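One structure is given below, represented as structure tokens, and several questions about it will come after.
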Amino acid sequence: MISRIWHGWTTRGNADAYEALLKEEIFVGIQDRQIRGFRGIQLLRREVGEEIEFVTIMSFDLLDAVREFAGDDYEKSVVPAKARALLSRFDERSQHYEIREERTWDR
């Protein structure tokens with residue numbers, strides 16, 4: 001499995017609107033694409049000084065699925081115009097890692 005990690009930062013004033021855009025529009029649009037090998041997405045959020053940092057972690061079966069999502073230059077960030085309008089700055093390139101092991105525990 002492949003993990004695609006990306007960071008974006010907003011002002012405090014734009015953070016809630018950006019999070020809503022991700023959850024209600026962007027993530028739904030990704031899911032609706034029905035990319036073969038796309039397994040899911042996580043959204044992380046934290047305050048860093050005067051900014052709010054967001055991290056997305058997407059999971060894919062193979063790099064071919066990542067390419068279907070992002071194109072041949074699969075490391076290039078995929079940031080729609082509506083998101084760019086709310087972000088202060090963001091990673092121009094995403095990082096990709098092979099997931100070597102994953103463990104979960106039920107309690």
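The values are calculated or read from the model by the stated rules, or taken from the named source; none is laboratory data. This is a predicted model, so every value here is computed, not measured. So basically every Cβ, Gly included, is an ideal-geometry build from the backbone, and we count neighbours across all protein chains shown.
Go through Glu25, Glu53 for me and flag whichever is within 24 Å of Thr11 (Cα to Cα), acidic (Asp, Glu) and in contact with a strand residue (DSSP E or B) (Cβ under 9 Å, 6 or more places away or on another chain).
Of the residues listed, the single one that is within 24 Å of Thr11 (Cα to Cα), acidic (Asp, Glu) and in contact with a strand residue (DSSP E or B) (Cβ under 9 Å, 6 or more places away or on another chain) is Glu53.
hydroxyl-bearing (Ser, Thr, Tyr), more than 18 Å from Gly8 (Cβ to Cβ) and modelled with pLDDT of 95 or more - does that describe any residue in segment 90-98?
yes
Let me ask something additional. Take the residues in segment 72-83 that are of a type outside the set (Phe, Trp, Tyr) and surrounded by 11 or more Cβ atoms within 10 Å (Cβ to Cβ); name whichever of them is farthest from His7 (Cα to Cα).
Lys82
Let me ask another. Considering only residues that are hydroxyl-bearing (Ser, Thr, Tyr) and touching a residue at least 24 places away in the same chain (Cβ under 8 Å), which ones fall in segment 46-99?
Result: Thr56, Ser59, Ser77, Ser88, Ser94, Tyr97.
Being among the charged types (D, E, K, R) and surrounded by 14 or more Cβ atoms within 10 Å (Cβ to Cβ) is the filter here, so list the residues in segment 1-38 that pass it.
Once the filter is applied, which keeps residues that are among the charged types (D, E, K, R) and surrounded by 14 or more Cβ atoms within 10 Å (Cβ to Cβ), segment 1-38 yields Arg4, Glu19.
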